[in-house]
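*Asks:* The structure follows.
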Amino acid sequence: MQKKKAFGLWSAVFLGIGSMVGAGIFIVIGQAGVIAGNLVWLSFIFGGIIALLSGYSLAKLALRYPSRGGIVEYLVQEFGENPFSGGMSVMFYIAQLIALAAVAKSFGEYGARLFGYHSIFIINSFAIGVIVLFTFINLIGASIVAKSENVIVVIKLSVLVAFSILGLFTIKPEYLSLKDMPPINNMFFAIGLTFFAYQGFSVITNTIEDMENPRKTMLKSMMIAIGFVMVLYVVTSLVVLGNLSLDEIIKTKDYALALAAKPLLGDLGFKIMAVTALLATASAINATLYAATEIGYTLAKDGELPDEYEFRVHNSTEGLLISAGLIIPLILFFNLSEITNIAALSVLIIQGIVHLGHIRLWNKTGANKFIIFMAFISMLIVVILTIWYNSKNNINIIYYLIGSFILAYIFEYLFRIFLNRKVRKQCVK
């Protein structure tokens with residue numbers, strides 16, 4: 001008798017929703033609001049549309065190349081076992097570390113504000129502390145964290161849904177007035193950030209080996225999960241922008257979502273939302289730290305990263321310690337806005353390249369070539385707009401982004417020349 005698979009349609013949908021509705025919305029909504037003002041809800045719609053296009057492309061790739069390597073596997077299948085795909089794979093690992101630093105920094109912001117602190121030292125202490133905590137937890141393999149993930153998903157979804165519904169009754173229409181809206185191009189400049197809030201949908205592709213009837217379930221679960229989250233984000237952004245003035249959002253951009261709960265429940269509302277943000281960011285750190293470790297382990301096993309990433313340390317690998325050690329300098333040297341923009345741009349560029357490569361394989365995956373092309377071109381446009389905006393407002397973000405890619409390719413060539421290591425295909429269907 002064949003064993004029943006763990007993921008049906010709705011379990012895959014809830015996994016995707018839980019992965020998306022995490023730290024992203026707590027980080028992004030204030031920062032995107034600073035750029036797009038009361039039009040940020042439109043930025044979330046466009047970000048969601050791009051996520052739907054991207055989700056379609058990744059789902060088709062997952063069905064053709066079912067591998068726990070995910071994006072790393074797709075890059076090698078699309079571009080071959082060469083320095084380009086190898087360098088992009090290393091950059092994908094670096095992007096995970098950057099995203100982790102952004103989430104940890106957000107944890108630090110909400111944690112410090114919850115207890116009435118405002119100093120950078122306290123914020124960074126909270127951020128580094130949570131990384132150290134979950135590094136230790138991953139080392140000892142505490143199953144309680146994994147088991148509590150479902151509870152955390154229910155809590156954060158319940159709080160956000162309740163906030164979104166009840167917050168509609170305290171909206172001040174003048175805050176959403178079209179006469180006070182910013183230039184329409186600002187809305188487009190914020191899409192790069194809002195797309196980052198949808199990050200997590202690709203986790204559905206990782207369930208393919210444990211999914212019931214993936215050819216029917218994979219794409220359907222992806223579309224339902226992203227569609228639900230899009231509605232939630234749009235309503236949440238309307239509530240935040242309808243309860244806070246633009247001046248307040250600019251001053252509190254790193255924790256604006258918690259502040260927006262004040263008109264509804266006063267200080268208690270702020271504390272409830274701040275605690276929810278801490279739970280969401282903590283669970284995202286735990287999951288992403290595990291994922292980054294797995295990416296490092298997979299790349300090392302496949303011949304890309306050094307052997308040290310494979311060495312066992314208690315119930316994890318030495319790669320976990322290396323990853324945590326690399327995250328801490330990112331927390332210390334970058335502010336939340338910088339690191340969020342770098343993470344968002346990195347993800348957009350890497351996924352855009354995956355979709356570009358998918359165009360070459362569309363006949364093998366059975367995907368709609370036009371949809372794949374739209375996934376690529378929409379990401380290309382958003383990357384160009386985001387880079388242009390940051391070049392005018394904080395050119396350092398562009399320098400850091402370029403530096404990250406240069407660093408990835410330096411590592412790639414060093415691995416090839418001195419260690420004779422390169423990333424290899426795992427799926428040979």
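The values are calculated or read from the model by the stated rules, or taken from the named source; none is laboratory data. Everything numeric here is computed off the predicted structure, so don't read it as measured data. Neighbour counts run over all protein chains shown; Cβ positions are idealised from the backbone, glycine included. When the accessible area is computed, the model is the full protein with side chains, heavy atoms only, and any ligands, DNA or RNA have been set aside. Shrake-Rupley method; radii C 1.70, N 1.55, O 1.52, S 1.80 Å.
*Asks:* What are the residue pairs meeting all of these: first residue in the range 38-49, first residue under 17 Å from Gly200 (Cβ atoms), second residue modelled with pLDDT under 95 and outside any helix (DSSP H, G or I), Cβ atoms under 8 Å, and 6 or more apart or on different chains?
*Replies:* Sorted first by the residue in the range 38-49, then by its partner, the pairs are Phe44/Ala197; Gly47/Ala197; Gly47/Tyr198; Gly48/Tyr198.
*Asks:* Here's another thing I want to ask about it. Kindly indicate the residue of the range 358-373 that is under 26 Å from the mean Cα position of the chain (by Cα) and not in a helix (DSSP H, G or I) and also surrounded by the fewest Cβ atoms within 10 Å (Cβ to Cβ) among those meeting that condition.
*Replies:* Asn368
*Asks:* Next up: How many residues, within the range 173-230, are surrounded by fewer than 14 Cβ atoms within 10 Å (Cβ to Cβ) and assigned to a loop (DSSP other than H, G, I, E, B)?
*Replies:* 3
*Asks:* Pairs only if they're at least six apart or on different chains, beta carbon under 8 angstrom, first in the range 5-19 and under 16 Å from Val151 (Cβ atoms) and modelled with pLDDT of 75 or more, second open to solvent by 70 Å² or more (accessible area, probe 1.4 Å) and outside any loop (DSSP other than H, G, I, E, B); list them, first residue then second.
*Replies:* Ile17/Phe228; Gly18/Asn150
*Asks:* How many of the residues making up the range 234-286 are of a type in the set (Asp, Glu) and buried (at least 20 other Cβ atoms within 10 Å of the Cβ)?
*Replies:* 1
*Asks:* Let me ask you something else. Only one of (1) small (Gly, Ala, Ser); (2) open to solvent by 20 Å² or more (accessible area, probe 1.4 Å); (3) in contact (Cβ under 8 Å) with a residue 60 or more places away in the chain fails for Gly108. Which number is that?
*Replies:* Exception for Gly108: condition (2).
*Asks:* Also, quick follow-up: Going by what's in this entry, would Ile140 be described as more than 19 Å from Thr236 (Cα to Cα) and open to solvent by 30 Å² or more (accessible area, probe 1.4 Å)?
*Replies:* The answer is yes for Ile140.
*Asks:* Next up: Give the residues of the range 182-235 that are touching a residue at least 60 places away in the same chain (Cβ under 8 Å) and at positive phi, sorted by residue number.
*Replies:* Scanning the range 182-235 gives a single hit, Gly200.
*Asks:* Residue under question is Leu97, and the condition is that it be aliphatic (A, V, I, L, M) and closer than 19 Å to Ile349 by Cβ; does it hold? Explain how you work it out, then say what you get.
*Replies:* Values: aliphatic (A, V, I, L, M): yes; closer than 19 Å to Ile349 by Cβ: yes.
For Leu97, the condition - aliphatic (A, V, I, L, M) and closer than 19 Å to Ile349 by Cβ - is met.
*Asks:* Among the listed residues Phe14, Phe26, Phe92, identify the single one that is assigned to a helix (DSSP H, G or I) and open to solvent by less than 10 Å² (accessible area, probe 1.4 Å).
*Replies:* After applying the criteria, what remains is Phe26.
*Asks:* Now for a different question. Could you check the range 374-392 and list, in sequence order, the residues that are out of contact with any Phe, Trp or Tyr (no Cβ under 9 Å at 6 or more places or on another chain) and open to solvent by 90 Å² or more (accessible area, probe 1.4 Å)?
*Replies:* Ile384, Lys392
*Asks:* Across the range 149-183, which residue is modelled with the lowest pLDDT among those that are of a type in the set (D, E, K, R) and closer than 20 Å to Leu257 by Cα?
*Replies:* Checking each candidate, the answer is Lys156.
*Asks:* Considering only residues that are among the polar types (S, T, N, Q), surrounded by fewer than 24 Cβ atoms within 10 Å (Cβ to Cβ) and within 21 Å of the chain's Cα centre (by Cα), which ones fall in the range 41-84? Steps first, answer last, please.
*Replies:* Initially, the range 41-84 is screened for residues among the polar types (S, T, N, Q), giving 43, 54, 57, 67, 77, 82.
Checking which are surrounded by fewer than 24 Cβ atoms within 10 Å (Cβ to Cβ) leaves us with 67, 82.
Ser67, the sole residue that qualifies.
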